[in-house]
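The values are calculated or read from the model by the stated rules, or taken from the named source; none is laboratory data. Owing to the predicted nature of the structure, the values given are computational and were not obtained by experimental measurement. Note that each Cβ is placed from the backbone with ideal geometry, even for glycine, and that neighbours are counted across all protein chains shown.
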Amino acid sequence: MLRRFVSIWFRHLSTDWLSIHRPFFKDKPLVFAEADHGRMLIRATNTLAEAEGIVHGMAVADARAVVPGLQVMDEKPGRNERLLKAIGEWCIRYSPIVAVDLPEGLILDAGGCTHLWGGEKKYLKEIITRLNAKGYDVRVSIADTIGAAWANARFGKLTPVIEPGAQYQMLKVLPSAALRLEPDVLERLHKLGLYTIGSFMDMPRTVLRRRFGYGLLQRMDQALGREEEVMELLRPVETYEARLPCLEPVRTRTAIEIGIKTLLETLCADLKRDGQGLRAAVLKYYRLDGRVLQIDIGTNRPTYHISHLFKLFELKIAQVEPGLGIELFILTATKTEEAPLIQEALWAGKPGLEDDAVAELLDRLAGKVGPRAIHRYLPDEHFWPERSIKLAASLKEKPGIMWPTARPRPTQLLARPERIDTIAVIPDYPPKVFVYKGERHRIKCADGPERIEREWWLDEGEHRDYYIVEDEKGNRYWLFRSGHYDGQAYQWFIHGFFA
Amino acid sequence: MIPESRKDTIARLQQNILLWQGFKPPQAAQEQAFGLGALEAAFPNGVFPTGAIHEFLVPGPESAAASGGFIGGLLAKLMGQQGICLWIGVSRKLFAPALKRFGVEPDRIIFVDLQNEKQVLWAAEEALKCGGLAAVVAELRELTFAQSRRLQLAVETSRVTGFILRSDLQKVSSTTCVARWQIASMPSQAGMDIPVVGFPRWQVELLKVRNGNPGVFRIGWSADGFVPIAQDIAGAREHLSTLKAG
């Protein structure tokens with residue numbers, strides 16, 4: 001596929017940003033300054049300040065002498081990067097492959113995207129208009145390579161669109177600085193009178209390497225497309241993703257539902273073709289006011305069943321805040337797993353935990369009330385009652401050991417054992433009477449003791465001697481004595497109720 | 001002769017009504033007998049109604065424990081080898097391993113622990129609509145007539161059996177449930193006059209049965225399942241009449 005890159009250059013990134021947020025600065029000369037060796041040096045300017053002759057690197061004191069009403073703000077390190085990242089996220093609407101190009105640019109891989117806007121010219125125009133409307137002063141260019149687009153955006157004078165293969169002609173006339181060179185290399189070039197790229201472009205490579213180092217050759221190759229340049233992507237490209245730009249911003253529930261359905265159809269067709277099933281998905285929606293919000297769903301087993309996934313999203317549509325309107329939806333499958341291909345007619349009818357209807361029901365429940373609400377237990381290799389069960393990780397997990405049947409366990413188990421008062425006739429014996437919640441229970445018969453030792457490698461404390469007791473009404477309880485009867489501090493507890 | 005044939009007609013018509021109301025004819029359900037003996041005879045056609053909603057009154061932890069055991073025994077039959085049960089509640093105390101004793105594999109019960117009653121009702125309705133489940137148990141404080149009707153409608157298409165455990169006896173109202181139960185523990189009998197706790201035994205009160213006969217029954221549990229306990233019928237009648245009076 002033909003690769004085309006767009007370079008966006010924000011000429012006054014930080015000053016534009018401040019003017020957008022505080023319109024007070026709009027019509028005033030504004031600079032950002034940073035302390036350097038005891039002086040304040042200018043790091044960013046706006047158009048008005050530039051018109052007065054203030055340039056990057058000037059001392060603030062000098063600039064103030066030139067322009068008395070100069071507004072000076074503190075430059076914060078890392079702000080440009082943060083701003084570019086945010087704008088880059090927004091730019092994902094134009095291409096899924098976006099990279100930040102510090103200090104004041106963005107790179108978009110626009111291969112296969114431009115026709116959606118009706119050609120490269122219109123594509124660039126759209127980007128410029130939208131960014132200008134927001135208040136950013138930008139220059140853009142599209143070319144076969146990142147280097148060429150970068151150079152043309154900053155130094156080009158003729159046209160923003162460099163036709164495929166035309167980068168050589170274009171670069172020829174540009175100044176040497178357009179090659180993104182190190183300052184000392186650039187200085188050496190200037191000393192030798194090599195002011196344009198064309199003046200040294202066709203020199204023998206060995207000569208150039210010996211005099212200016214490998215960096216120059218690399219930059220040249222990258223700009224001409226002889227060498228691949230690696231982009232550090234803002235967001236890794238997901239394998240399964242569907243995009244839906246809206247012609248008009250949408251706000252209604254019906255429109256959002258239609259959007260989700262359309263996206264799911266595309267995504268599920270992709271998944272099905274590859275035999276993959278969706279486990280988690282994120283729906284991002286880009287709002288007219290520039291905010292990007294998202295809703296997410298998860299499933300218990302891999303699926304590409306459109307109507308089921310739609311039901312899961314349906315539960316979350318109420319959380320969507322369309323604001324003034326949504327202009328773009330992106331549905332991404334964040335987690336996929338291999339899903340066996342099944343004939344749809346046979347979907348129902350598998351018994352038990354394999355049943356898709358059950359898995360889909362659990363997805364719906366988890367979508368509404370959260371996955372933490374759903375528990376399934378497996379036996380664990382502990383005798384201590386609280387630790388004798390563990391949570392199953394998935395629906396497929398099978399018990400590793402048999403459920404123990406040797407000793408009956410109470411149907412109702414208190415989360416924490418509660419203290420009871422007892423009367424025991426013989427110390428090492430179940431009590432005769434116990435009082436629980438103000439009620440006296442006279443014990444008729446008892447079973448026990450079943451001694452359960454604490455696992456000292458897990459926690460410390462006394463062992464428990466459990467008794468199953470039955471009172472005169474026929475109710476059955478699970479009591480235990482914590483500690484030896486002859487010890488100083490033993491105590492009776494109630495821990496459960498038997499059927 | 002004429003009254004005789006009229007009797008037949010009436011019996012046939014009644015049979016039809018039962019069929020329309022979703023009660024299985026006796027032959028079709030023979031293999032799914034629960035072993036409850038006289039208790040099953042209290043239901044129309046003498047068959048424990050599955051694919052319907054049963055309501056259990058559980059005023060305290062003791063009765064919750066007894067009901068849990070009794071329902072465990074029913075679930076074992078309903079779930080069979082593969083079935084899945086959903087147990088929905090707000091503050092559940094049911095200890096899953098205990099159900100193994102009643103023939104249920106505890107890992108085939110999925111617990112849904114929610115924040116409030118409203119969520120429980122929603123989840124119960126969604127679950128009852130799902131034909132892939134064998135049974136649904138929901139713990140609620142109260143259930144209004146309208147709510148019970150929604151659950152009933154869900155069950156009518158999916159044929160899932162639902163159990164509602166109601167804890168607030170002050171607010172018992174009429175519902176569309178097929179039966180209302182209250183289960184209390186009874187002293188167990190280990191045999192041989194030794195003071196040891198034996199297999200559980202329950203006093204099962206069928207307070208209401210749609211198209212059936214309410215009554216009080218004594219059911220025990222053994223290693224093989226439910227064991228109806230022969231009882232003094234006159235005594236049970238007397239107990240029932242005091243219940244009705246009270």
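What to note about this one:
- The lone exception for residue B:35 - which of (1) at positive phi; (2) over 14 Å from the mean Cα position of the chain (by Cα); (3) away from chain A (no Cβ under 12 Å) it fails: (2)
- Residues of region A:448-462 satisfying the condition of being free of Cβ contacts under 8 Å to residues at least 60 places away in the same chain and either buried (at least 20 other Cβ atoms within 10 Å of the Cβ) or among the β-branched types (Val, Ile, Thr) (or both): none
- Hits in region A:46-105 - residues which are buried (at least 16 other Cβ atoms within 10 Å of the Cβ), free of Cβ contacts under 8 Å to residues at least 24 places away in the same chain and not in a helix (DSSP H, G or I): A:58
- Restricting A:317, A:258, A:295 to those that are among the β-branched types (Val, Ile, Thr), out of contact with any Phe, Trp or Tyr (no Cβ under 8 Å at 6 or more places or on another chain) and free of Cβ contacts under 8 Å to residues at least 40 places away in the same chain reduces the list to A:258.
- Looking across region A:405-420 at every residue that is surrounded by fewer than 16 Cβ atoms within 10 Å (Cβ to Cβ) and charged (D, E, K, R), the one that is nearest to the chain's Cα centre (by Cα) is identified as A:416.
- When residues of region A:463-499 are limited to those that are surrounded by fewer than 20 Cβ atoms within 10 Å (Cβ to Cβ) and of a type in the set (Asp, Glu), the one nearest to the other protein chains (Cβ to nearest Cβ): A:472
- Scanning region B:76-86 for residues that are more than 7 Å from chain A (Cβ to nearest Cβ) and either among the basic types (Lys, Arg) or surrounded by fewer than 24 Cβ atoms within 10 Å (Cβ to Cβ) (or both) yields B:76, B:77, B:78, B:79, B:80, B:81.
- Qualifying residue in region B:87-109 (condition: at the interface with another protein chain (Cβ under 9 Å from one of its Cβ atoms) and more than 25 Å from residue A:380 (Cβ to Cβ)): no
- Here residue A:196 clears all of (1) in contact with an Asp or Glu (Cβ under 6 Å, 6 or more places away or on another chain); (2) of a type outside the set (Phe, Trp, Tyr); (3) outside the structural domain of residue A:319 (by TED's automatic domain parsing) except the condition numbered (1).
- Entirely in region B:119-200, the strands (runs of 3 or more DSSP E) that have 3 or more residues that are of a type in the set (Phe, Trp, Tyr) and without any contact (Cβ under 8 Å) to a residue 24 or more places away in the chain: none
- Filtering region A:362-407 to residues that are assigned to a strand (DSSP E or B) and either within 10 Å of chain B (Cβ to nearest Cβ) or closer than 19 Å to residue B:114 by Cβ (or both) leaves A:374, A:375, A:376, A:377, A:378, A:379, A:389, A:391.
- Scanning region A:171-221 for residues that are in a loop (DSSP other than H, G, I, E, B) and under 24 Å from residue A:103 (Cβ atoms), we see that the one that is farthest from the chain's Cα centre (by Cα) is A:195.
- In region B:110-120, the residue that is farthest from the other protein chains (Cβ to nearest Cβ) out of those that are in contact with a helix residue (DSSP H, G or I) (Cβ under 9 Å, 6 or more places away or on another chain) and surrounded by fewer than 20 Cβ atoms within 10 Å (Cβ to Cβ) is B:115.
- Residue, nearest to residue B:109 (Cα to Cα), within region A:408-423, restricted to residues that are in contact (Cβ under 8 Å) with a residue 12 or more places away in the chain and more than 9 Å from chain B (Cβ to nearest Cβ): A:417
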